[in-house]
Amino acid sequence: MLRLPPPEPAVAERLITIEAVASVRVVPTRLRLVFAISALGVDASAASLAARGVVGAAKDKLQTVGVKAADIDVDFIAAVPVYSWGVAKQSSKDVLEEKRSGTRVQYNLHVQVADEAAALTAIEAATAGVGADLLAVDYWSDDLEARQIEAEAKALAAAQAKAKRMLVVFASPPLPVNVHENTRVLFPQQLYHNLTRAEDSAEQWYSRDLPRVPASRPLLIYYRGLFADLDTGDPVMPGARHIEIVSTVRLYYEAPGRPPLVDTERE
């Protein structure tokens, strides 16, 4: 997180800037799971009927593990043509010809749960043999507005405390002339970190007659959390997936003992 850059010398002679950054960590109150469900049919009607059957099976499995029907939303995404290759004759020659072979229909299932334990249960239920693929996990809090105000207050208090310490170098307290505030909400899905994947394949060996079958490797991704240049924040290292609210407050003071600016264009 970048801090305020140093002011230009002409500005520094007349303006004092005090900046503080504060964060508030918020426990999510709701999670949303998004599942993709698709099916193939000879036409859009058949594909949609098949996909809705899978949707119904997934909804039944979710309700058996405690997800309420009101917390499940079905979203139609698309019906797209599917093509396949086949051998055909053209000018007495065999060619590979592409023809439409059917239609694929996709629905998305949006599922709301209370916490990560319920999310894991719902994921296992929805993906157990019914053809649902997990697309995303999103986090939310019903208390975001109040916690943003809390973060702003923390940043303002930190800036004022810093100003009180720093401005003692002046015989007379400088007058405040302006204030700037910026508050951002960072959701857990924004705080994951991808590590660079190194080429760590096994000892090189090649046989012309044998195909290569590479080993499966883990995803090099982890929840890093917020590591930022803060004046005040949670003293505990991030571990659980929390929503981070980061607020920056800048206080501007008029530098004392400087003559007023002269507007040469008006003279």
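The values are calculated or read from the model by the stated rules, or taken from the named source; none is laboratory data. What you see is a predicted model, and the numbers here were worked out from it, not measured in a lab. Ideal geometry is used to build each Cβ from the backbone, glycine not excepted, and the neighbour counts take in all protein chains shown.
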- [ ] Filter the range 214-246 down to residues that are aromatic (Phe, Trp, Tyr) and part of a strand (DSSP E or B) and give me whichever is farthest from Ala146 (Cα to Cα).
- [x] Tyr222
Open item on the list: Condition first: loosely packed, with under 14 Cβ neighbours inside 10 Å, acidic (Asp, Glu) and assigned to a helix (DSSP H, G or I). Now tell me which residues in the range 42-74 satisfy that.
Closed with: Asp60
- [ ] Considering each residue of the range 101-129, count those that are within 22 Å of the chain's Cα centre (by Cα) and part of a strand (DSSP E or B), and give that number.
- [x] 6
- [ ] Could you grab me the full set of residues in the range 25-36 that are in contact with a helix residue (DSSP H, G or I) (Cβ under 9 Å, 6 or more places away or on another chain) and not in a strand (DSSP E or B)?
- [x] Pro28
Task: Selected residue (criterion: farthest from Glu19 (Cα to Cα)) from residues of the range 149-166 that are surrounded by 15 or more Cβ atoms within 10 Å (Cβ to Cβ) and among the basic types (Lys, Arg) - done: Lys154
Task: Residue that is in a strand (DSSP E or B) and within 30 Å of Asp229 (Cβ to Cβ), where the choices are Ala39, Ala20 - done: Ala20
- [ ] State all residues of the range 103-124 that are small (Gly, Ala, Ser) and either modelled with pLDDT under 95 or more than 28 Å from Gly41 (Cβ to Cβ) (or both); if no residue qualifies, say none.
- [x] Ala114, Ala117, Ala118, Ala119
TODO: Determine if the range 138-147 includes at least one residue that is basic (Lys, Arg), closer than 30 Å to Arg25 by Cβ and free of Cβ contacts under 8 Å to residues at least 24 places away in the same chain.
DONE: no
Task: Where Thr248 falls short, out of the listed (1) touching a residue at least 12 places away in the same chain (Cβ under 8 Å); (2) closer than 24 Å to Leu31 by Cβ - done: (2)
Open item on the list: If a residue must be in contact (Cβ under 8 Å) with a residue 40 or more places away in the chain and of a type in the set (Lys, Arg), how many such residues does the range 97-117 contain?
Closed with: 1
